[in-house]
1. May I ask you to say which residue of 53, 27, 46 is assigned by TED's automatic domain parsing to the domain that holds residue 81, more than 16 Å from residue 81 (Cβ to Cβ), in a helix (DSSP H, G or I) and of a type in the set (Asp, Glu)?
2. Which residues, taken from region 9-24, are assigned to a helix (DSSP H, G or I) and not hydrophobic (A, V, I, L, M, F, W, C)?
3. Quick check on region 113-131: of everything there that is surrounded by fewer than 20 Cβ atoms within 10 Å (Cβ to Cβ) and of a type in the set (Asp, Glu), which residue is nearest to the chain's Cα centre (by Cα)?
4. Would you mind finding the one in 75, 20, 67 that is loosely packed, with under 15 Cβ neighbours inside 10 Å, in contact with a helix residue (DSSP H, G or I) (Cβ under 8 Å, 6 or more places away or on another chain) and among the small types (Gly, Ala, Ser)?
5. Quick check: is even one residue across region 172-192 surrounded by 15 or more Cβ atoms within 10 Å (Cβ to Cβ), in contact with a helix residue (DSSP H, G or I) (Cβ under 7 Å, 6 or more places away or on another chain), more than 30 Å from residue 93 (Cα to Cα) and modelled with pLDDT under 90?
6. Which number in (1) more than 20 Å from residue 105 (Cβ to Cβ); (2) in contact (Cβ under 8 Å) with a residue 40 or more places away in the chain; (3) assigned to a helix (DSSP H, G or I) marks the one condition that residue 41 misses?
7. With respect to residue 82, is the statement that it is of a type outside the set (Phe, Trp, Tyr) and crowded, with 19+ Cβ neighbours inside 10 Å true?
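The values are calculated or read from the model by the stated rules, or taken from the named source; none is laboratory data. This one's a predicted model, so the numbers in the text were calculated from it and none came from an experiment. Heads up, the Cβs are rebuilt from the backbone with ideal geometry, glycines too, and the neighbour counts pull from every protein chain shown.
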Amino acid sequence: MAVLSREEFDSIEFDAACTGDHEAAAERMIQLAATGIQTTSMPRAEAFVRAGEQWLLADNPAAAASGFRMALADGGPVLVDPRVPLCRALFALGRHREAYALIAVLKGEGRDDPRACDMIMEVMVEQNDLPEALDWATAGVELILQGRPQRSLPGDPVPPPGHPDSYAGLRELLRMRYRIRNDLRLPEDEYDRMLST
């Protein structure tokens, strides 16, 4: 029986990026997740999430949604709440009402993960829902500035709150937020001005 490892999943992802065969990568990951022995570096739930992401890249949102739901059912530690990429799969399936309902649940529970805010902001931009994208981008920026670190798996080093590495995507998130605000024809604000410092 195989032992799940982050290195193996990274290798599968790298090969898929080189060959474009994301379907084969997703199938391999699902097989490993279903039969392998989980480790602290690769919990089963995280393996299912990564398989779902490969299914999205393979343009198979139904299989992706299944992978994300398997991660939710497992309940183990993950780098990002599986409901976040599940929203993207639901939109791709044309199930907009269900996706928005899930986003409302995530917002209602209280946003506490900058990476999740970043990902939902991207999904909202894809849906051309710029006001909602701006709301999530702003929430993500505020979490980072409050020193809220992104999620990590057990055993991963976690930078102390406020450390510059607590979320490497701050500048990119600020840039995306700025572009959204420009598209909405909103005046520059304090977060926009942070890009010039």
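1. 27
2. 10, 11, 13, 15, 19, 22, 23, listed by residue number.
3. 122
4. 75
5. No, that holds for no residue.
6. The number of the failed condition is (3).
7. yes
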